[in-house]
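Step one of this worksheet: look at the structure below.
The values are calculated or read from the model by the stated rules, or taken from the named source; none is laboratory data. If you're wondering where the values come from, they're calculated on a predicted model, not measured in any experiment. Note that each Cβ is placed from the backbone with ideal geometry, even for glycine, and that neighbours are counted across all protein chains shown.
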RNA sequence: GCGCAGGUGGCAGAGCGGUCAAUUGCACCAGACUGUAAAUCUGGCGCCCCACGGGCUACGAAGGUUCGAAUCCUUCCCUGCGCA
């Protein structure tokens, strides 16, 4: 089980400083959660990940169920031992894949809409590659095409075998192009599944419920009230955030207000650098985002100057580190020129150096915010 | 010196009488990526302009044939291979 202690509440915002105690160590919150979907931070060894100031990782139920299978992981003694990660771990429930492999893939959209789409997901519609029923989701494996059914029970069973410290209830992340009726029906289903997850769970892992409701205020509030009233160890805030990122903070506010004060809140899948201060000010304790790792493989460095695309030829002439104000091993030892050369030459070391830096940068950014909360500046 | 093959946009390499400012790949430029099926995707890429249209200069060089040529002919220059 976990314990959560709030050390300080900001007087300027909803931000709070806390300690999340897990069987694998204490996490200072607010904290960034590194995304290790396939039980790896792509390109880094776990020993390296530890050096990026990463405190906690999130792996994925759907992916690990499909490959290598949770029994393989269980035979190694759980994900921690399997991947040699001594720190805290979460597993996502597979609920996001209902969206990302479903309507998200069908319509080419993410959980924040970037451009206007004509498509609308209406009640009773089904994604092309899966079937969502009242009991769960029939996925079609992108690896070998076989059908994989995951419902609340299956998700919990898998997550129990994986053995992370914190697990999530199975839900459906709805699409930003879903209409009110679809989102409402989906919400009710996710709520029912949430209760079932609580009933099915046998281990003493910390089970977090996930609130949904999309961009609709009444649904967001309804979901937060309902999920918040259940005996979860903590809460995830899931779902889509419409087409205007500026409204994200307000949407989080609708939800956080309804959640129990003394339990941890995890914002699922959000956290570009510009979002981080905003979500923390809304009372988010932990959050995960693929940005630092995903963008690193595209050659993008996150720095105090903003994003730098290391594929750009001009950086070949630049002998400065990625970020002058960063003391990670990448910035201490390597130049922009060298990293750009590595990307030009398609040498994986470039991705390695960027992945390391980006994670370190995100963790440092959050550490800086913790410091500001401590000093009463945020 | 003779014979054969060939010279196309930054590079590689299509095209072989009109639909070609010229397929495609690389490079280059710009953009995207937020609970990771993705080390990916999208757009641009001769010059100029009152730019979902128009003008100019282009396929080694110079001539020629033709209504019309990167595409056919002649000469020249250059490259590779073979023979001397």
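Some values worked out for this structure:
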{"item": "Test for residue A:232: is it farther than 23 Å from residue A:181 by Cα, part of a strand (DSSP E or B) and at pLDDT 95 or above", "result": "no"}
{"item": "Qualifying residues in segment A:108-127 (those that are more than 20 Å from residue A:181 (Cβ to Cβ) and surrounded by 12 or more Cβ atoms within 10 Å (Cβ to Cβ)) - the one nearest to RNA strand B (Cβ to nearest atom)", "result": "A:110"}
{"item": "Residue list for segment A:86-100, filter: surrounded by fewer than 21 Cβ atoms within 10 Å (Cβ to Cβ) and in contact with a helix residue (DSSP H, G or I) (Cβ under 9 Å, 6 or more places away or on another chain)", "result": "A:86, A:87"}
{"item": "Selection count where residues are more than 9 Å from RNA strand B (Cβ to nearest atom) and either surrounded by fewer than 19 Cβ atoms within 10 Å (Cβ to Cβ) or without any contact (Cβ under 8 Å) to a residue 40 or more places away in the chain (or both), scope segment A:291-305", "result": "2"}
{"item": "Subset tally (residues that are within 10 Å of RNA strand B (Cβ to nearest atom) and either more than 29 Å from the chain's Cα centre (by Cα) or over 11 Å from residue A:316 (Cβ atoms) (or both)) for segment A:343-357", "result": "10"}
{"item": "Residue check for residue A:68: without any contact (Cβ under 8 Å) to a residue 60 or more places away in the chain and either in a loop (DSSP other than H, G, I, E, B) or within 16 Å of RNA strand B (Cβ to nearest atom) (or both)", "result": "yes"}
{"item": "Condition check for residue A:365: part of a helix (DSSP H, G or I) and within 11 Å of RNA strand B (Cβ to nearest atom)", "result": "no"}
{"item": "Failed criterion for residue A:73 (all others in (1) away from RNA strand B (no atom under 15 Å from the Cβ); (2) farther than 19 Å from residue A:155 by Cβ; (3) touching a helix residue (DSSP H, G or I) at 6+ places or on another chain (Cβ under 8 Å); (4) touching a residue at least 24 places away in the same chain (Cβ under 8 Å) hold)", "result": "(2)"}
{"item": "Residue in segment A:66-77 that is in contact with a strand residue (DSSP E or B) (Cβ under 8 Å, 6 or more places away or on another chain) and modelled with pLDDT under 95 present", "result": "yes"}
{"item": "Residue in segment A:277-290 that is surrounded by the most Cβ atoms within 10 Å (Cβ to Cβ), counting only those that are farther than 16 Å from residue A:245 by Cα and within 6 Å of RNA strand B (Cβ to nearest atom)", "result": "A:288"}
{"item": "Residue tally, condition touching a strand residue (DSSP E or B) at 6+ places or on another chain (Cβ under 9 Å) and assigned to a helix (DSSP H, G or I), over segment A:277-305", "result": "8"}
{"item": "Selection count, segment A:136-176, where residues are surrounded by fewer than 22 Cβ atoms within 10 Å (Cβ to Cβ) and over 27 Å from residue A:55 (Cβ atoms)", "result": "15"}
{"item": "Flag for residue A:356 being in a helix (DSSP H, G or I), in contact (Cβ under 8 Å) with a residue 60 or more places away in the chain, touching a helix residue (DSSP H, G or I) at 6+ places or on another chain (Cβ under 7 Å) and closer than 21 Å to residue A:18 by Cα", "result": "no"}
{"item": "Restricting segment A:242-276 to residues that are within 10 Å of RNA strand B (Cβ to nearest atom) and in a loop (DSSP other than H, G, I, E, B), the residue that is nearest to residue A:229 (Cα to Cα)", "result": "A:268"}
{"item": "Boolean, residue A:22 is out of contact with any helix residue (DSSP H, G or I) (no Cβ under 9 Å at 6 or more places or on another chain) and more than 16 Å from RNA strand B (Cβ to nearest atom)", "result": "yes"}
{"item": "Conditions (1) under 22 Å from residue A:15 (Cα atoms); (2) touching a residue at least 24 places away in the same chain (Cβ under 8 Å); (3) in contact with a helix residue (DSSP H, G or I) (Cβ under 7 Å, 6 or more places away or on another chain); number of the one not met by residue A:239", "result": "(3)"}
{"item": "Selection count where residues are assigned to a helix (DSSP H, G or I) and within 15 Å of RNA strand B (Cβ to nearest atom), scope segment A:308-337", "result": "7"}
{"item": "One residue from A:56, A:41 being buried (at least 24 other Cβ atoms within 10 Å of the Cβ), touching a residue at least 60 places away in the same chain (Cβ under 8 Å) and in contact with a helix residue (DSSP H, G or I) (Cβ under 8 Å, 6 or more places away or on another chain)", "result": "A:41"}
